[in-house]
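What follows draws every value from the coordinates through simple rules; no lab data is involved. Fair warning: this is a prediction, and the values are worked out from it, not measured in the lab. Please note: Cβ atoms are built from the backbone with ideal geometry, for glycine as well, and neighbour counts cover all protein chains shown.
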Amino acid sequence: MNKLIDDLWSKERHLISDAYDESLEYISKLIPLKIHEIPSGTKCWTWVVPEKWAVKEAYIEDMNGKRLLDLKDHPLHVVSYSLPINKVVTKEELMKHLYTNPKRPGAIPFEFKFYEKGWGFCIQHDKLKKFTEKKYKVFIDSKFEKGTLKVGDCTIKGETDETVVLVAHLDHPAMVNDDLTGVAVLVDIAKELSKRKNHYTYKLLLVPETIGSIAYLSQNEDVIPKLKYGIFLEMLGNNNIHALQLTRQSDTKLDRMARYVMKRKLENFREGAFRKVVGNDEMVFNGPGVNIPMISISRSPYPEYHTSDDTPDIISEKNLVESRNLTLELLDIIDNDYTPMRTFKGPIFLSGYGLWVDWRINKQLNANIEQIMLRLEGDKSVFDIADELDMEFNDVLSYVNKFLDKKLIDVKS
Amino acid sequence: MNKLIDDLWSKERHLISDAYDESLEYISKLIPLKIHEIPSGTKCWTWVVPEKWAVKEAYIEDMNGKRLLDLKDHPLHVVSYSLPINKVVTKEELMKHLYTNPKRPGAIPFEFKFYEKGWGFCIQHDKLKKFTEKKYKVFIDSKFEKGTLKVGDCTIKGETDETVVLVAHLDHPAMVNDDLTGVAVLVDIAKELSKRKNHYTYKLLLVPETIGSIAYLSQNEDVIPKLKYGIFLEMLGNNNIHALQLTRQSDTKLDRMARYVMKRKLENFREGAFRKVVGNDEMVFNGPGVNIPMISISRSPYPEYHTSDDTPDIISEKNLVESRNLTLELLDIIDNDYTPMRTFKGPIFLSGYGLWVDWRINKQLNANIEQIMLRLEGDKSVFDIADELDMEFNDVLSYVNKFLDKKLIDVKS
Amino acid sequence: MNKLIDDLWSKERHLISDAYDESLEYISKLIPLKIHEIPSGTKCWTWVVPEKWAVKEAYIEDMNGKRLLDLKDHPLHVVSYSLPINKVVTKEELMKHLYTNPKRPGAIPFEFKFYEKGWGFCIQHDKLKKFTEKKYKVFIDSKFEKGTLKVGDCTIKGETDETVVLVAHLDHPAMVNDDLTGVAVLVDIAKELSKRKNHYTYKLLLVPETIGSIAYLSQNEDVIPKLKYGIFLEMLGNNNIHALQLTRQSDTKLDRMARYVMKRKLENFREGAFRKVVGNDEMVFNGPGVNIPMISISRSPYPEYHTSDDTPDIISEKNLVESRNLTLELLDIIDNDYTPMRTFKGPIFLSGYGLWVDWRINKQLNANIEQIMLRLEGDKSVFDIADELDMEFNDVLSYVNKFLDKKLIDVKS
C-alpha cells in the first residue's frame, strides 16, 4: 500500500482538478474502475457541482520585492479554491487572509473555500513575525473553469444485488493520512474481494469529500435501495488505536459486528457516536433521505491533521495492514452470516446426528451446544448467536453449518 | 390577582351554595363565562349531584347557656354539608362530632360530609379543654334543598378544535390558597390567552371539586375526544417551590414539556407521580374512561392546608405572578410546537440556503445545526428537538421555521 | 408422602424396566393414571425409544476368584444400560470402565449409557486401592429386549381445555431425592386438585427422564397447543432453600407468579436462568418447537446427587410438605387469576357502591383503593395488580370480585 501512497501523496488533489483525475487514472490501473462523471453546475439535491480549479503561481511580497511566501515552496500555501488576486494590501488587510495553526506553529495548515468565495494564503504560524512592513503585494493566479467531478467505482458482483459500500476520499492536496491511507486500504480490499466468491455485491467508491458522494447518489438514486451497509475508511496509517464511529442508527447489526470484531481482534479501540469521531461522507450515505447505516473506521485523531506535516513519515505499512485485515474480518462476517431456522422439534438427539462435540476438542463449543440449539428459531443469525454466547463467529458458523448439512435447519431469507 | 382573592376569599363557597354562585357571577364579569348548570339529583356516571346546602345558625352551649362555639365566629365551625341537629348530648357523644387538628391547635380545621350523612363541628384543638361539663346543647340550623351545580367555562377558540383544558376549583369556604389562588391564576391566563391568536382551543373550567368535573364531563361526553391535555392549578400563592404532578400516563409530551419549562425557568422544583403530590380533579379528567393526560401545578404542601389559617396572609402576588408566567410559558410551547418533515435529500447546502449560523451569533445553535438537520424526519417535534439537544425552544423554533420558509420541510399533521 | 418413597425407593427403576413399570402400577392405585405406552424402536422426533434393559448378575473378580465388586451388594454397581460382558481384562483396561466419585469417596456413583453402547461398573472411590492385581475377570449378565416406554398421565379436567402440566421423573434406580421426592409431591398435588373445581385442566405426568417427555409429546402433538404453563418438580426433600429455575422465555406471567409466591411464602430462595439450575424435561416442554413456558421447582443442589447416598436419610416429610404447599399456592393464583375490564367511567362513587374499605379493616387495601381502580383497564390481571402494588393476591381478588358482583367490571377473555 505504501507504493500507491508514495506515488500519489504529493499531488495537488483538489476537489475537481487535474491532479485528482490523474490519481484516479493511476488507481484504475490497479483495480477495475468505472468512472462516474458529473459536470460543474449540475444540480445535486440541494447542492451544485463546483467548477474545476487550478493555481499556477502565487506569492506574497513586500514592497521591496522580497517574497515572504511562495506557492512553489508548498502546495498548501494557497487556500484551495481561492479567488485570483493581484493587489497591494495593508498588513492589517493581509492578516485577515493569512491562515495559520498556532498549535502546530511549524506547519502550514490546509484551508479551503469551496463554496464561500474568497482568497487566502496558509503559512506557518512561526513565520507571522516576519511580516513587519505596512504594505504587501499579494498575487494569486488561480483559474475557475467548467470541469467534471469524478467518482471512481469498483463494483464486485456477488450472489445478490444487495450491496455493501466502502468509501474513501481521494481529494486533499499533498496529504497522506487524510485520506490516501483510506484509499490504499480500500484498493487492497478491492483486490482481495475480487478473488473471492461473495454473497453480497461490494461497491468501493473513491470520491472528492462530501460533494462526490452527493453528486454520485443524487445522479444514481436507483442504487440507494440496494445499499445494505456502508463503511467509511480514513486515517489508517498513524500510530493511534482504532476508533469505531457508529452509524446514525447506532444499534444496527453492522454496529454490533464492527464492535465484535474490534473487541476480539484488537488490543484496544475506542467507540463514538455518529459524527462525534470523524466527519466525512457518512453524512451523505447515512444522512437525510438516504440513511444507509454507515460506520467509519479510522485511527482518529492525529496531531498532524490538515497540515503540511501529514506526510508519509507519520504512517506505517504495519498499521495499514492491521486496518485492512480488520476490515476484511468484518466483511467476512457480514458475508457469511445467515439466519438459521429449525426444522426439528424437541431437543436434538445429538449423538445420533454426530453433533456431539467433545469438550477435549472444543471446550467452549461443548459448553454451548444446548445454547446454540435453543437459538435456531429464525430470529437470530449465526452472528447474533456468536455475539450472545461470546464465541468465535467461525466456530459457531461451522457448527451451525453441520445442522444445515443434516437438514435440521433451513436458511431463513 | 390579589383583588379577586380579597373580594372572594371569605365567602362560604360550599359545593352547591349561594356563595359559590355569587363567586362565579363575580368572575363572569372579569372573563366571558358560559355557566353549565346540572340540577341536584342528576345521575352523573356512578355519582349523583348532591343538594344545595346552607347553614343559618349553629352553636354549642353548656346547660347554663354559655356558648362554647358559635358559627358567627367562623364559617368553618360547622362541618360542610352537616345535617341539622338540635338536642342535648353527653360530652362523650359530643366529642365524636368535634373535629380538631392537633398539629395546628390554634386553627379550626375544614371538614365535610358530602356523601355520608352526619353532623359535626370543627374547633381549635386548644379549646377542647374548655369542655368540662357532662352535657351540652348542640344546635345546627342547616338546610338541604334541590339546587344546581354550576361549572364556569371560559372557552377561547383556536385554529383547531383540539383543546387544552385548565381547571381550578372554586369551592372551599373561607380558604385562599386552596384554591382561590388557582382560580386567580386561571382567570389571569384566560385574559392573556384571549388576546392571542392560538393554535389550540383553550377551555378554562371553574368547578366544585371532583363532582363538578364529573357532572360537567358526564353531561358533555362529546367534549372528551377533543381534549388533548389538561392542567390543574392550585395552591400557587404560598412560599414553597413548585411541585409538578405528572399525568397518569407519566411520560406524555405534556409531562416532558412541563418538566422542561420548570427546569429552565425555576431555580428549584419537585416532581411526583400521579396522585402522589395532590389529589383533585385530575382523577376525573385523567381517570378511567376519560384519560386525558392532566398534570397538576402547585406549591404543595403548605402547613395551613384545610384550616382557618389558610388566609390572604400566607400568599403573595409575587408567587402568583411566577406561577402564572410559568404556566403561560408552558402553553406557549404547547401552542407553537409542530412536527417538521424533511422534503430534501442529503445534507443541506447550508450556505446556499442562508441556513448557516455563525458561532459568534449563537454558539449553541451553531454547534447543533447538524443535529437539528438530522432530526427532521417527521418523528420528532420542534419541542422534542429542543429537549433532546438541551436548547431553548424558541431558538430551535425560529431556526426550524427558516427551513419551513424555504420549503425544505413540511408541517407533519 | 414418605410411604410412597419408602415403598419405591430401592426399586431398580431404569428407563424401561420391570421395576419402573411396577412403580407406575403402584402409583396408579393412589391416583387415576392413564398409561401411555410407546414401544422400543419408535421414532420420536429426532430420537428413537431404546430397548428394555435388565441385569441379573455382575461382578469383578481377581484371578483367584476373590470378588472385589458384586451387583448383589448394590444395584448401582453396574452402569445402567451396560452391555453384557464376560472376559478377563488387564487392570489398565478395567480402570477405563470403573466409575467413581472422588468428591464422595465412600459412595457409589450413578452412571448410565443409554445411547452410547458400552459397559462399566460403578464403585466407591475408596475401594480403588484394592485393585492391586494385573488381571481381572469382569462379568455382566445384562439383557436388552423389545420393551415399552411408559408415561403415567393423571389428567384432571377443568372448566377449560387450557392445561397446566406438572412433570416429575420416575426413573433412576435406588435413588430418592432425584426424583422420587418430585413424584411424591406430584401425587399429593394430584389428590388435592381432584377435590377442587378448577378453571384450568391439570395434567400430571410421570416419565422416564427426557426420552419419556419426547416420546409422549411426539406421539401426542395435538396436546401441545393446549398447554399453557409447565412446572417440573424434583429434589424437594433435602435440606436446602428452594431454587426457582425460570422458563426459557424468562419473563412470562408464570415466572412472575412463581417469584411472587416464593418471595411471600419462603424465608429465602434463589432464582436462576433456564438450564442454569437443573436440567430435566423442561428442555423438551420448553424446548424447540414446543416451547411451553416451564419453570422448575427444586432444592438443588445437594451433595448426595447421583450417588448411593441419595437415600431416605437425606430427606424429610417437612420439606416435602413445604414444597407441596408452595406449589399449591402457585396453582391457586394461576387458577383464580383473571383480567378485569372496567364498564364504568370516571372515578367510582365508592361509598355509594359499598366499595369503601376502612383503614381499620385493611390498611393496605384502603391505601390502594384508588390504585386498584386505576388498573381495571383490561391490560392487567388481578395478579398483575397484586404484584405491582405488592399486595396479597387474595386481598386484591376478593376486592376486585366485588366490582364484578356490582357489574362495574367484566372478565376480559
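Before moving on, here are some points about what is shown:
- Under-5 Å amide H pairs with A:Gly147, H placed in peptide plane, nonlocal only: A:Ser40, A:Lys52
- Ordering B:His97, B:Leu408, B:Ala107 by the projection of their Cα atoms onto the charge dipole of chain B, which places +1 on the Cβ of Lys and Arg and -1 on the Cβ of Asp and Glu, puts B:His97 at the extreme positive end.
- Counting only Cβ charges, +1 for Lys and Arg and -1 for Asp and Glu, the dipole size of the protein assembly as shown around its Cα centre is about 340 debye.
- Tilt relative to chain C, helix C:317-336 - C-alpha long axis, 0 to 90 degrees, to 10: 40
- Of all the options A:Asp390, A:Asp18, A:Asp70, the one that moves most in a Gaussian network model of chain A with Cα springs shorter than 10 angstrom is A:Asp390.
- Where rotation carries C onto A, the chain C residue whose Cβ is nearest that axis, in whole Å: C:Asp251, 12
- Working note: 222 nm ellipticity from helices only, DSSP H runs with n ≥ 4, each -39,500 (n - 2.57), summed and divided by the residues of chain C, gives -8500 deg cm²/dmol to the nearest 500.
- Highest-fluctuation residue, C:His199, C:His14, C:His242 considered, GNM on chain C with Cα pairs under 10 Å: C:His199
- Stokes-Einstein D in µm²/s, Kirkwood radius over Cα pairs - the protein assembly as shown at 20 °C with 1.002 mPa s viscosity: 55
- Amide H contacts of C:Glu377 (H built 1.01 Å from N, under 5 Å, at least 5 apart or other chain): C:Arg342
- For B:Asn394, inter-copy label distances in nm, listed shortest first [label point 7 Å out on the Cα-Cβ vector]: 6.3, 6.3
- Dipole orientation for the protein assembly as shown: of the candidates C:Leu355, C:Gly212, B:Ile5, B:Ile5 has the Cα lying most toward the positive pole (charges on Cβ; Lys, Arg +1; Asp, Glu -1).
- Antiparallel DSSP beta bridges within the protein assembly as shown, percent to nearest 5: 65
- 0 to 90° range, to nearest 10: angle between helix B:18-27 axis and chain B longest Cα axis: 30
- About the centre of its Cα atoms, region B:175-236 shows a dipole size close to 500 debye [charges on the beta carbon of Lys, Arg (+1) and Asp, Glu (-1) only; nearest 20 debye].
- Under the Karplus curve 6.51 cos²θ - 1.76 cosθ + 1.60, θ = phi - 60°, whole-Hz ³J(HN,Hα) for region A:6-17, x wherever Gly or Pro sits: 4, 6, 10, 5, 7, 5, 7, 7, 6, 2, 10, 6
- Antiparallel bridges, percent of DSSP beta bridges restricted to region B:86-244 (to nearest 5): 40
- Mean Cα-pair separation over length for chain C, i.e. relative contact order, pairs under 8 Å, 6 or more apart, %: 16
- Cβ-vector label at 7 Å, A:Lys157, separations to other copies in nm: 6.7, 6.7
- Residue-by-residue Karplus 3J(HN,Hα) for region A:276-282, coefficients 6.51, -1.76, 1.60, Hz, glycine and proline x: 10, 10, 9, x, 9, 6, 4
- Relative contact order [Cα under 8 Å, 6+ residues apart], region B:1-155, whole percent: 33
- For A:Lys265, a cut-off of 20 angstrom between C-alpha atoms picks up these lysines, skipping any fewer than 8 places away in its own chain: A:Lys253, A:Lys318.
- Exceedance of the 22 Å cut-off in Cα-Cα distance is limited, within the set B:Lys43/C:Lys412; B:Lys72/B:Lys127; A:Lys56/A:Lys129; C:Lys113/C:Lys134, to B:Lys43/C:Lys412; A:Lys56/A:Lys129; C:Lys113/C:Lys134.
- Cα long-axis angle, helix C:363-373 against chain C (0 to 90 degrees, to the nearest 10): 80
- A simple charge model with +1 on the Cβ of Lys and Arg, -1 on the Cβ of Asp and Glu and nothing else charged puts the dipole of region C:204-259 at about 280 debye relative to its Cα centre.
- Remark on B:Glu271: its backbone amide H falls under 5 Å from those of B:Leu244, a criterion applied only to residues 5 or more positions apart or on other chains, H modelled at 1.01 Å from N.
- Relative contact order for region A:204-321, counting Cα pairs under 8 Å that sit 6 or more residues apart, in percent: 39
- Note on chain B: antiparallel DSSP beta bridges, both residues inside, total approximately 65 percent of the bridges counted.
- Nearest-first distances (nm) between copies at B:Glu92, label 7 Å from Cα via Cβ: 10.3, 10.3
- Ranked from largest, the principal axis spans of the Cα set of chain C equal 96, 40, 35 Å.
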